[in-house]
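Taking it in order: structure first as structure tokens, then the write-up.
Read-outs throughout are calculated quantities, based only on the coordinates presented, and are distinct from any laboratory measurement. Computed from a predicted structure; not experimentally measured. For neighbour counting, all protein chains shown are included, and Cβ atoms are generated from backbone atoms with ideal geometry for every residue, glycine included.
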Amino acid sequence: MFPEADIPVVQLSVQPARGAAHHIALGRALAPLADRGVLIVGSGHATHNLRDWRRNASHAPALPYVDEFSEWIAQRLASSDDASLAAWKSKAPGATRAHPTDEHFLPLLVAYGAAGERPQVERVHEEVIGGALAMDAYRFRKAA
């Protein structure tokens with residue numbers, strides 16, 4: 001993607017105890033770095049229930065909560081619904097099953113926040129592995 005390795009990269013650790021709103025705000029605080037050429041990448045899963053994944057064949061169809069959760073997230077990102085994203089655990093369908101723990105979801109919110117207020121959102125990849133791991137990938141750009 002960047003063969004010259006000339007793009008600065010900043011590595012952060014998520015802080016699950018601080019919640020989703022903190023991670024959106026953290027991303028917003030990082031937003032000015034993009035103007036300076038810093039690439040901000042959030043790595044995780046749209047859903048991450050390894051117990052359900054282990055129980056399924058590698059090509060099993062998506063479990064219903066996986067599709068419901070992934071679509072809920074896609075819609076909230078596209079509409080810049082920060083309040084719902086911050087309250088994802090109580091508002092998203094199947095949230096606690098989709099993410100028994102937060103650390104694989106919070107990087108998405110940092111990357112989303114780093115694109116500033118009301119960013120342009122593009123889902124660039126959509127795939128479910130083993131019925132339970134949604135591997136959705138998003139690109140966030142600052143609003144035009």
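Only helices enter this figure: runs of n ≥ 4 DSSP H residues, each worth -39500 (n - 2.57), summed and divided by the residues of the chain, yield -11000 deg cm²/dmol at 222 nm to the nearest 500.
Compute the acute angle (0 to 90°) between the alpha-carbon long axis of helix 19-34 and the principal axis of greatest extent of the alpha-carbon atoms of the chain; round to the nearest 10°. Between helix and principal axis, roughly 40 degrees.
When each of the peptides 52-59, 91-98 is scored by how many other beta carbons lie within 10 Å of its residues on average, the order from highest to lowest is 91-98, 52-59. The orientation-averaged shadow of the Cα convex hull for segment 1-53, equal to a quarter of the hull surface, comes to 5.5 nm².
Where the only charges are on Cβ atoms (+1 Lys, Arg; -1 Asp, Glu), what is the dipole of segment 17-141 about its Cα centre, to the nearest 20 debye?
For this selection, approximately 260 debye.
Shown for THR101, THR47: other C-beta atoms within 10 Å of each C-beta, ranked fewest to most, produce the order THR101, THR47.
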